[in-house]
Amino acid sequence: MTLFTDTFLIALIAGMAASGVPLLLAGLGEQLSEKAGVLNVGIEGMMLGGAYLGFYIAWATESVGLGFVGGVAGGILVAALMALFCVRMGLNQIVIGIALTLGAEGATALLHHVQFSRLYPRLPDVATWRIPVLADIPIVGPALFDREPVVYLAVALVPFLVYVYRRTHLGLALQAAGDKPAALDSAGQNVLIIRSFAVLGCGALVGLGGAFMSIVGAGVFVPFMSHGNGFIGIVLAMLARGRPLWVLLGAALFGACLSAATALQVAGVDIPTDVVQMLPFLAVMAVLLIAGRNAKLPAALGAAYVRGER
Amino acid sequence: MSADTMTDTAQTGNLQRKLHAISNTLLMSLGPVAAAFVLSGVILLILDVNPFSYYGYVFGRGLLSPTGVQATLTRMGPLLLIAASLIVAFRAGIWNLGGDAQFLVGAVFCAAFTPLMAPHVPVWIGLLAGAAISAIFGALWTLVPAFLRAYQGLNEIITTLMMNFLGISLASVLVKLVFLDPNTTVPQTRTLAVEDRLPTLFGTTISSGLIIGLVAILAVHFMMTKTAFGLRLRVVGGNASAAVHAGLAVPLLTVAVFAISGALAGLSGGVAILGQYGNVRADWNPGYSLAVVPLVFLARFNGFAAIGFVGLFSIMSIGAESAARRTGVPNYFTLVTIGILLVMLAISEYYGAKRQKAGA
């Protein structure tokens with residue numbers, strides 16, 4: 001096999017990290033929201049909100065750090081609408097989710113059109129942090145341990161969330177809000193606050209993922225750039241059954257699919273872009289066909305909590 | 001008081017109640033539309049565009065100009081078929097969000113085979129075959145989500161969305177690599193000759209696809225509300241475990257719903273090709289399905305109301321294209337309006353339910 005040269009492998013693994021990070025953040029965010037009982041179909045809209053605001057602020061302030069803060073804010077902004085409509089008012093989560101996705105697609109494309117009108121300014125490359133020793137490992141080292149700080153942050157979130165879910169009061173409250181909200185209410189906790197917190201936290205994570213796409217991944221904002229990544233995040237959350245570590249593994253798998261095409265092109269194999277774009281979704285369907293039976297979701301998912309009802 | 005006047009008052013009471021219910025429904029449906037127009041107008045103001053002149057262009061082109069209104073009515077045909085596809089699915093409690101791919105896959109296969117057949121068979125056979133091909137491929141594209149939902153209980157929102165992305169890319173691949181017309185340099189399928197297309201109505205340019213759409217949505221409305229099969233589907237949608245206890249073959253019915261819904265979406269693509277476009281160009285995706293989802297909700301899954309909302313949307317989408325050219329507001333703006341419309345709809349539903357509870 002001449003295909004598996006060093007350049008091919010480095011391109012594959014580095015690409016896996018680059019396209020896996022938005023998926024990881026989307027999956028972790030959706031998992032947080034679903035744990036608390038809110039099926040977040042608006043995740044695609046949150047991602048676009050983060051991608052747009054993150055890019056805009058990074059471009060306007062010429063600071064990558066502020067850009068990421070903006071991305072988090074952009075995601076939270078869309079999530080706040082979700083929290084207001086679906087948690088506070090108890091409206092249909094799927095209808096509002098679709099509305100936020102369509103609305104954010106339109107709004108970010110419109111804003112981009114008004115502000116940059118097809119100029120597509122490009123951001124400079126983001127500086128990386130080189131981890132000593134590990135970065136010297138051949139192939140894997142430069143691909144995984146000489147990366148943008150956000151990549152390390154995203155991976156570090158995994159053990160952090162495991163700790164929150166397993167060991168803290170908050171984790172227990174989140175779980176209860178999704179499985180038996182009435183019990184949480186009887187225990188004196190406010191279900192709506194816990195759920196709102198989860199939705200906003202989801203927005204922050206997903207928005208960061210969106211900002212990663214525009215600031216690190218592409219260097220530009222392109223209308224509709226999230227291209228289903230948020231929805232793949234929902235699949236990851238479904239298959240991970242509440243475990244952050246599984247989201248990480250899934251994100252790595254789908255990230256590899258996303259980057260396989262680029263890596264193949266590096267290796268000199270020419271595939272049409274349309275076929276390339278099908279790969280991750282084919283992988284998702286294949287995994288769902290094989291493991292779909294094991295997908296598990298919280299009992300009260302999708303149901304609004306109204307005090308005193310049943 | 002005589003018996004006659006008593007029945008009279010009972011009747012007027014009934015009538016009043018009916019009128020009240022109708023006005024209530026109208027308010028609940030048109031209120032969100034009005035609110036969405038106002039909010040979108042505010043956004044136009046922020047963009048420094050006069051909302052009155054923007055909407056003036058929209059309705060001037062989409063409704064008041066003779067060519068515009070014919071384009072509006074022609075576009076209604078495929079849109080109504082999409083609405084019918086969604087009503088079947090949503091009434092049965094199935095969230096088929098992959099309509100855009102079902103539409104495109106149906107359209108591409110229809111455009112691939114019909115022009116090859118057309119020269120050798122009578123026009124009506126060619127049209128029937130083309131319509132059948134589009135419906136069959138539209139239905140086939142729902143097969144995987146249908147089985148996953150029916151036999152593994154897997155949420156169809158995700159699977160249909162994934163199949164949506166797959167199908168849109170597949171349609172492009174097929175047009176660019178497989179069904180390419182060798183006689184043109186533009187990547188597109190072979191073109192169906194104008195005389196082999198669906199006839200136009202009464203000497204206008206309106207495609208008879210409009211009639212197909214109207215028939216389909218009314219048929220679906222009556223199937224869901226008046227037939228035993230429709231009742232079964234609604235029971236499945238209302239409460240799947242109750243349906244199991246009632247002895248209904250839930251998995252089979254689920255697959256049937258997916259198939260009908262996918263076939264109608266595919267047929268919508270077929271009608272767009274057979275009546276209007278004649279071929280599929282690479283990367284063509286009008287994105288009708290996700291846009292029609294909110295309209296079907298506004299119509300409360302009612303076929304008659306859906307015709308009205310689809311008509312309004314058709315006017316807006318034809319009109320927006322001309323308004324975009326004149327005012328410089330890109331077409332994305334329609335997406336924002338739809339998002340706002342959905343939110344307004346959900347809010348009106350919220351207050352409607354609250355009022356109902358307060359009344360009870």
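Only one entry in B:171, B:107 is buried (at least 23 other Cβ atoms within 10 Å of the Cβ), within 14 Å of chain A (Cβ to nearest Cβ) and modelled with pLDDT of 90 or more, namely B:171.
Yes or no, residue by residue, for (1) on the phi > 0 side of the Ramachandran plot; (2) at pLDDT 80 or above:
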position: A:135; (1), (2): no, no
position: A:139; (1), (2): yes, no
position: A:147; (1), (2): no, no
position: A:152; (1), (2): no, yes
position: A:167; (1), (2): no, yes
position: A:170; (1), (2): no, yes
position: A:177; (1), (2): no, yes
position: A:180; (1), (2): no, yes
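Would it be correct to say that residue A:230 is crowded, with 24+ Cβ neighbours inside 10 Å, within 14 Å of chain B (Cβ to nearest Cβ), within 15 Å of residue A:33 (Cα to Cα) and not aliphatic (A, V, I, L, M)? Judged against the criteria, residue A:230 is a match. Residue pairs whose Cβ atoms lie under 6 Å apart, sitting 6 or more positions apart in sequence or on different chains, and linking a residue in the stretch A:174-189 that is more than 18 Å from residue A:29 (Cα to Cα) and without any contact (Cβ under 8 Å) to a residue 40 or more places away in the chain to a partner that is surrounded by 15 or more Cβ atoms within 10 Å (Cβ to Cβ) and not polar (S, T, N, Q), are A:183/A:176; A:184/A:176; A:184/A:177; A:184/A:191; A:189/A:173. Restricting A:111, A:102 to residues that are modelled with pLDDT under 90, outside any loop (DSSP other than H, G, I, E, B), surrounded by fewer than 22 Cβ atoms within 10 Å (Cβ to Cβ) and within 14 Å of another protein chain (Cβ to nearest Cβ) narrows the list to A:111. Collect the residues in the stretch B:200-226 that are within 22 Å of the chain's Cα centre (by Cα) and not in a helix (DSSP H, G or I), keeping them in residue-number order. Listed by number, the residues that qualify are B:200, B:201, B:205, B:206, B:207, B:208. Taking the criterion of being free of Cβ contacts under 8 Å to residues at least 40 places away in the same chain and farther than 24 Å from residue A:192 by Cα, the only residue of the stretch A:86-106 that qualifies is A:106. The residues on offer are B:273, B:340, B:307, and the sole one that is more than 14 Å from chain A (Cβ to nearest Cβ), touching a residue at least 24 places away in the same chain (Cβ under 8 Å) and surrounded by 24 or more Cβ atoms within 10 Å (Cβ to Cβ) is B:273. Contact map, the stretch B:103-121: first residue under 27 Å from residue B:83 (Cα atoms), second residue at pLDDT 90 or above and among the polar types (S, T, N, Q), Cβ cut-off under 6 Å, separation 6 or more or different chains; pairs are B:103/B:268; B:106/B:134; B:110/B:134.
For the stretch B:174-200, filtering for residues that are in contact (Cβ under 8 Å) with a residue 40 or more places away in the chain and within 12 Å of chain A (Cβ to nearest Cβ) leaves 5.
When residue B:156 is tested against (1) of a type in the set (Asp, Glu); (2) crowded, with 18+ Cβ neighbours inside 10 Å; (3) more than 14 Å from chain A (Cβ to nearest Cβ), only condition (3) is not met. Just to be sure before I move on: is residue A:238 within 14 Å of the chain's Cα centre (by Cα) and away from every other protein chain (no Cβ under 11 Å) in the structure I sent? Against the criterion (within 14 Å of the chain's Cα centre (by Cα) and away from every other protein chain (no Cβ under 11 Å)), residue A:238 does not qualify. The single condition among (1) part of a helix (DSSP H, G or I); (2) touching a residue at least 12 places away in the same chain (Cβ under 8 Å) that residue B:329 does not satisfy is (1).
Can you give me the number of residues within the stretch A:267-290 that are in contact (Cβ under 8 Å) with a residue 40 or more places away in the chain and out of contact with any Phe, Trp or Tyr (no Cβ under 6 Å at 6 or more places or on another chain)?
5
Let's see how each residue does on (1) surrounded by fewer than 22 Cβ atoms within 10 Å (Cβ to Cβ); (2) modelled with pLDDT under 90:
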position	(1), (2)
B:79	no, no
B:85	no, no
B:93	yes, yes
B:126	no, yes
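Residues in the stretch A:271-287 that are at pLDDT below 80, assigned to a helix (DSSP H, G or I) and at the interface with another protein chain (Cβ under 7 Å from one of its Cβ atoms): A:274, A:277.
Scanning the stretch B:122-132 for residues that are in contact (Cβ under 8 Å) with a residue 60 or more places away in the chain and aliphatic (A, V, I, L, M), we see that the one that is farthest from residue B:142 (Cα to Cα) is B:123.
Here residue B:115 meets the list (1) out of contact with any Gly (no Cβ under 7 Å at 6 or more places or on another chain); (2) within 14 Å of chain A (Cβ to nearest Cβ) almost entirely, failing just condition (2).
With the structure loaded, tell me whether residue A:33 is more than 14 Å from chain B (Cβ to nearest Cβ), farther than 26 Å from residue A:262 by Cα, buried (at least 18 other Cβ atoms within 10 Å of the Cβ) and not charged (D, E, K, R) or whether it fails that test.
Against the criterion (more than 14 Å from chain B (Cβ to nearest Cβ), farther than 26 Å from residue A:262 by Cα, buried (at least 18 other Cβ atoms within 10 Å of the Cβ) and not charged (D, E, K, R)), residue A:33 qualifies.
Can you tell me which residues in the stretch A:64-75 are aliphatic (A, V, I, L, M) and either crowded, with 24+ Cβ neighbours inside 10 Å or farther than 24 Å from residue A:192 by Cβ (or both)? Hits for the stretch A:64-75 are A:64, A:66, A:69. All conditions in (1) in contact with a helix residue (DSSP H, G or I) (Cβ under 8 Å, 6 or more places away or on another chain); (2) surrounded by fewer than 24 Cβ atoms within 10 Å (Cβ to Cβ); (3) within 14 Å of another protein chain (Cβ to nearest Cβ); (4) more than 26 Å from residue A:178 (Cα to Cα) hold for residue A:116, with the sole exception of (1). Yes or no: residue B:139 buried (at least 22 other Cβ atoms within 10 Å of the Cβ), hydrophobic (A, V, I, L, M, F, W, C), assigned to a helix (DSSP H, G or I) and more than 12 Å from every other protein chain (Cβ to nearest Cβ)? So residue B:139 fits the description; yes.
The values are calculated or read from the model by the stated rules, or taken from the named source; none is laboratory data. Just so we're clear, the structure is a prediction, and the values are computed from it rather than from any experiment. A quick note on method: Cβ atoms are made from the backbone with ideal geometry, for glycine too, and the neighbour counts reach across all protein chains shown.
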